[in-house]
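To keep things clear, I will list the structure first and then write my remarks on it.
The values are calculated or read from the model by the stated rules, or taken from the named source; none is laboratory data. Note that the structure is a prediction, hence the values are computed from the model and not measured. All Cβ positions, even for glycine, are placed from backbone atoms using ideal geometry, and neighbour counts span all protein chains on display. SASA here: full protein model, heavy atoms, side chains in, ligands and nucleic acids out. Shrake-Rupley method; radii C 1.70, N 1.55, O 1.52, S 1.80 Å.
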Amino acid sequence: MGKFKLTAKESLMLVVDFQEKLMPAIDRREKIIHNAGLLLRLARLLSIPVILTEQYPQGLGVTVPEIKEVLPEYAPVEKRLFSAFIPEVEQKLKELNRSQIIVTGTETHVCVFQTVRDLVAAGYEVYLVRDAVGSRFKENYQSGLELMRDLGAIITNTETVIFDLLQVAEGPAFKEMSKLLK
């Protein structure tokens, strides 16, 4: 059952393609951005590393301001492949030596799916946060979730991730996150 227990010391957050020209077309975008922001705030409080990718920013723009403002630092990894598991990200993952990858981003059935597929194949425990990923169309979103579950990714949600990583109902991180979740 260890696969289903997140820990701050083993976790890393991978934020895939929350970009200016893509987000307006994403279904439930406000909720997705809000939830990803909550997870990024928690990552900062618990010192969980974050890797951010941008798919062809010359065409799709840079990361939306709502995500940028809660990042520990803005250092995007630019990519052209749909999967974010590119050599630069793979190298960062090796350097950070974390086994649990928490994934948020867009689009669920394209870049997120291909990234999760590659991460699972590489042996990582992948936690896909269903209310912090999105697609333009509900059918594509649902299909992406089903594919990733079939691959072996753990499909979870923002609050489950937050409280699993917090572990206890006390301390500064718990107090800060409790205020944000009300």
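So here's what we get for this one:
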{"read-out": "Estimated [θ] at 222 nm from DSSP helical runs (n ≥ 4, -39500 (n - 2.57)) normalised by residues in the chain, nearest 500", "value": "-12500 deg cm²/dmol"}
{"read-out": "24 Å Cα-Cα reach of residue 3 towards lysines, excluding residues that sit fewer than 8 places from it in its own chain", "value": "92, 94"}
{"read-out": "P(r) weight above 20 Å for segment 69-182, C-alpha pairs, percent", "value": "48"}
{"read-out": "Distance from segment 57-120 to segment 160-176 (C-alpha centre basis), Å", "value": "25"}
{"read-out": "Kirkwood estimate for segment 55-94, i.e. one over the average of 1/r between Cα atoms, Å", "value": "11.4"}
{"read-out": "Residues of the chain: accessible area per residue with a 1.4 Å probe, Å²", "value": "48"}
{"read-out": "Magnitude of the charge dipole, the chain, Cβ model with Lys/Arg +1 and Asp/Glu -1, debye to 20", "value": "260"}
{"read-out": "Accessible surface of segment 66-167 [probe 1.4 Å, protein heavy atoms]: carbon and sulfur percent", "value": "47"}
{"read-out": "Among 154, 165, 12 the positive-end extreme of the charge dipole of the chain (Cβ point charges)", "value": "165"}
{"read-out": "Longest to shortest principal axis, alpha-carbon extents of segment 15-125, angstrom", "value": "33, 31, 22"}
{"read-out": "Residue 168 - accessible surface, heavy atoms, 1.4 Å probe, Å² rounded to 10", "value": "80"}
